[in-house]
Amino acid sequence: MGAISPESARLEPFIYPLIEKVVRLPGYSDHWVEHVPRYTFVVAFTRPPSLAEIQRLAPPEIRDRIAVRTAKRSQEEIGRARDLITERLRAARIGSWSSGYNPVSQCFEIGVESAARIEQVRALLPADVLVDADFRVQGPLRTF
């Protein structure tokens with residue numbers, strides 16, 4: 001990881017008060033910062049409020065650095081799906097695996113030890129999760 005840019009260091013403290021507000025809004029999905037081409041705080045909702053509504057919640061210093069996107073799933077839906085993935089993979093004793101959710105691609109990222117394991121995991125998950133799943137083969141996870 002590189003050093004924090006002066007722009008990020010200046011703007012980041014203004015993001016936190018906004019995060020505290022947007023996570024409480026209906027349909028909130030996730031948020032992230034895009035650094036290129038310009039520092040932008042991105043917030044995603046299943047039914048996004050207008051940009052003006054989000055800007056009103058933000059400190060003046062970042063109002064022109066906000067983008068609002070549409071998301072497939074709310075934070076609650078993502079959490080339920082991640083719990084289901086974990087529950088099913090543990091119950092099936094899949095072995096070494098990892099999972100997460102990428103808010104930018106809106107995909108569940110699932111890593112397993114082999115291509116054969118990918119097919120085994122596919123058989124365990126419901127269609128509404130599979131449609132947004134990205135599988136990859138990874139080496140065994142190490143414990144430190």
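Please treat every number below as a calculation from the coordinates, not as lab data. Remember, predicted model here, so these are calculated numbers, not experimental data. Counting neighbours? That spans all protein chains shown, and the Cβs are built from the backbone with ideal geometry, glycine included.
The table below lists the values:
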quantity: C-alpha long axis of helix 6-22 to longest principal axis of the chain, angle in °; calculated: 80
quantity: Cα gyration tensor, region 6-70 - rounded (a/c under 1.5), prolate or oblate; calculated: prolate
quantity: Surrounding net charge for residue 72, when Lys and Arg each add one and Asp and Glu each subtract one, Cβ distance under 12 Å; calculated: -1
quantity: Segment residue 86-residue 21, extension gain: residue separation times 0.36 nm, minus the distance between their alpha carbons; calculated: 20.5 nm
quantity: Extension gain (nm, one decimal) between residue 114 and residue 72, 0.36 nm per residue minus Cα-Cα; calculated: 12.2 nm
quantity: Efficiency of FRET between residue 134 and residue 42 - r from beta-carbon atoms, R0 25 angstrom, step 0.05; calculated: 0.80
quantity: Neighbour net charge for residue 107 - beta-carbon separation under 10 angstrom, K R +1, D E -1; calculated: -2
quantity: Residues 30, 128 arranged by fewest to most Cβ contacts within 10 Å; calculated: 128, 30
quantity: Computed FRET value (nearest 0.05) for residue 96 with residue 127, which takes r as the C-beta separation and R₀ as 35 Å; calculated: 0.85
quantity: Within-9-Å neighbourhood charge of residue 14 [Cβ basis; K, R +1; D, E -1]; calculated: 0
quantity: Option label - Cα Rg over 2.2 N^0.38 Å computed here, alternatives (1) 1.83; (2) 1.40; (3) 1.25; calculated: (3)
quantity: Using alpha-carbon coordinates, inclination of helix 115-124 to the longest axis of the chain, degrees; calculated: 80
quantity: Rg(Cα)/(2.2 N^0.38 Å) for region 81-144, N = residue count; calculated: 1.04
